[in-house]
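Below: the structure, in structure tokens.
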Amino acid sequence: MKKKMLTGFRPTGRLHLGHLHGNIGNMINYQEEYENFFFLVDWHALSTEYQNPKKIKSNLIDCVIDLISLGIDPELTYIYRQSDIPEISELTLYFSMITPISWLERCPTYKEQLKELKAKDLSTLGFLAYPVLMASDILIVNADIIPVGEDQLPHLEITREIARRFNNLYGKFFTEPKEMLSNATRVPGIDGRKMSKSYNNAIFLSDGFDVIKKKVRKMITDPQRIHPTDPGHPDICNVFNFYQLYLKKRINKIEERCRAGEIGCTLCKDELADIIYNYLEKFRSRRKELEGNVDYIYKILEDGKNSVREISTKTISAVRKKMGIS
Ligand code: SF4
């Protein structure tokens, strides 16, 4: 039997390069090897977008189109919506009974997001309990492998702790999932922080060439380089970080010409913008085809729901029995 790989995606806006080179890339690379679960986390999206929830639904369809355009194959992957699986919310309720509040309060992502997203009121139970909902997403299908970025590791650790606690209290049932880190564990945004729509530093997959070029031009390079012929230090340059994502074989050449002062930063950035735009060509043409076939997208979500509920209803019935409430 194949192991189960699962990843969730927040339908809060357009996809960007951070998504592509993070967990989505891993799902695409390994989709033949595992039984795959890819779901749109609309409940998670509510935890930060509860004041403006209308966009979540339309974003959701756009996201599915993006994912399939990128190469997620619906024949190999269950694609579904979190809110179509009611057993996830029931499992969250049971897990919330056994999860100490201190596990959630100490989570570094929680503290970081409270600080970074100051414009939103996130002092809610739903936002604090985000990792409990995530644990339910994963454990409802007993997933083995979770593609994550480094920043998500503390959440996954809480999932393992919840699984362990449940198993200790009621008898072994849940698998403790393992992380699969992407090669690009932390894709930087144009300002060097983690790429995120919320930080306004993302290059979106749908950006046109001029927009990509403008964004790349804003990237921070080696601050010691004044003239194009000054020797550069690619190791401290954000542009070079991006080159490493796209050029495997030619990367030494890029490094050499930078260190030797053979190219100016503006030209180096413009070449990178070309590379990024061309890399996304196949995605753009596939997306155009799918935009005209929204019924197909709804059918994929319906099929995904039906397949996953076959598993989730069995899980929840076993959990009820173990917790003595059936
Ligand atoms: Fe960065 Fe390119 Fe400038 Fe070197 S030449 S510092 S790699 S932008």
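Only one residue in PHE173, PHE204, PHE240 is in contact with a Lys or Arg (Cβ under 7 Å, 6 or more places away or on another chain) and farther than 19 Å from SER136 by Cα, so which one is that?
Answer to the check: PHE204.
Is there any pair linking a residue in region 96-124 that is within 15 Å of SER198 (Cβ to Cβ) to one that is outside any helix (DSSP H, G or I), with Cβ under 6 Å and at least six apart or on different chains, and which?
LEU114/LEU122
Can you tell me which residue among ASP222, ASP210, ASP235, ASP230 is within 27 Å of the chain's Cα centre (by Cα) and within 13 Å of the ligand (Cβ to nearest atom)?
The match here is ASP235.
Can you tell me which residue among GLY71, GLY126 is at positive phi, in contact with a helix residue (DSSP H, G or I) (Cβ under 7 Å, 6 or more places away or on another chain) and surrounded by fewer than 20 Cβ atoms within 10 Å (Cβ to Cβ)?
Going through GLY71, GLY126 in turn, the sole match is GLY71.
Going through region 46-83 one residue at a time, which ones are of a type in the set (Asp, Glu) and more than 23 Å from THR124 (Cα to Cα)?
ASP62, ASP66, ASP73, GLU75
Suppose we filter region 248-259 for residues that are over 10 Å from PRO228 (Cα atoms) and among the hydrophobic types (A, V, I, L, M, F, W, C); how many remain?
Number of matching residues: 2.
How many of the residues in region 76-122 are of a type in the set (A, V, I, L, M), open to solvent by less than 20 Å² (accessible area, probe 1.4 Å), assigned to a helix (DSSP H, G or I) and over 30 Å from TYR298 (Cβ atoms)?
Looking only at that region, the number is 2.
Quick check, is LEU60 under 24 Å from LYS194 (Cα atoms) and open to solvent by less than 70 Å² (accessible area, probe 1.4 Å)?
When the stated conditions are applied, LEU60 passes them.
Name every residue in region 253-285 that is of a type in the set (D, E, K, R), open to solvent by less than 80 Å² (accessible area, probe 1.4 Å) and more than 8 Å from the ligand (Cβ to nearest atom), in order of residue number.
ASP270, GLU271, ASP274, ARG284, listed by residue number.
The values are calculated or read from the model by the stated rules, or taken from the named source; none is laboratory data. Keep in mind it's a predicted model, so treat the numbers as computed, not measured. In this analysis, Cβ positions are derived from the backbone assuming ideal geometry, glycine residues included, and neighbour counts consider all displayed protein chains. Surface accessibility is based on the protein's heavy atoms, side chains included, excluding ligands, DNA and RNA. Shrake-Rupley method; radii C 1.70, N 1.55, O 1.52, S 1.80 Å.
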